[in-house]
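Q: I have a structure here, written as structure tokens, and I will follow up with some questions on it.
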Amino acid sequence: MPALLAEAAGLTLLSFSSTMLAARSFAEKNRYDVDADREIAALGAANVAAALSQSFAVTAPACVPPSPRPSGARTQVAGLVAAVALVPVLLSSPLRCSTSRRLRSPRS
């Protein structure tokens, strides 16, 4: 158990530092302040939600550039529009269709 806690602490430190690097980079470009306490609380809440939904750990890698920014997007509405536009694509995905066929119970 101590080895697991040590690994979890290392992962937390790495994830938080990566997230803060990305947050400070965006804050500098957009001229706003970042509160590290709020960032770690949000990161923790997001990871708890991810764990409860059996998802991946949440982090913000610093190497991923924001795609809507060069096209002129200035608010978070651009991300919302992109998410809404992606829903029909995901619902009509061949992967979804093949997975749902395998998950159905065979008819007797």
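Q: Select, from Ala6, Ala78, the only residue that is modelled with pLDDT of 85 or more, surrounded by 10 or more Cβ atoms within 10 Å (Cβ to Cβ) and not in a loop (DSSP other than H, G, I, E, B).
A: Ala6
Q: I'd like to know if segment 24-33 contains one or more residues that are at pLDDT 85 or above and touching a helix residue (DSSP H, G or I) at 6+ places or on another chain (Cβ under 7 Å).
A: yes
Q: On to the next question. Take segment 23-37 and flag every residue that is touching a Phe, Trp or Tyr at 6+ places or on another chain (Cβ under 9 Å) and not in a loop (DSSP other than H, G, I, E, B).
A: Phe26, Ala36, listed by residue number.
The values are calculated or read from the model by the stated rules, or taken from the named source; none is laboratory data. Note that the structure is predicted; figures quoted are calculated from it, not measured. Note that each Cβ is placed from the backbone with ideal geometry, even for glycine, and that neighbours are counted across all protein chains shown.
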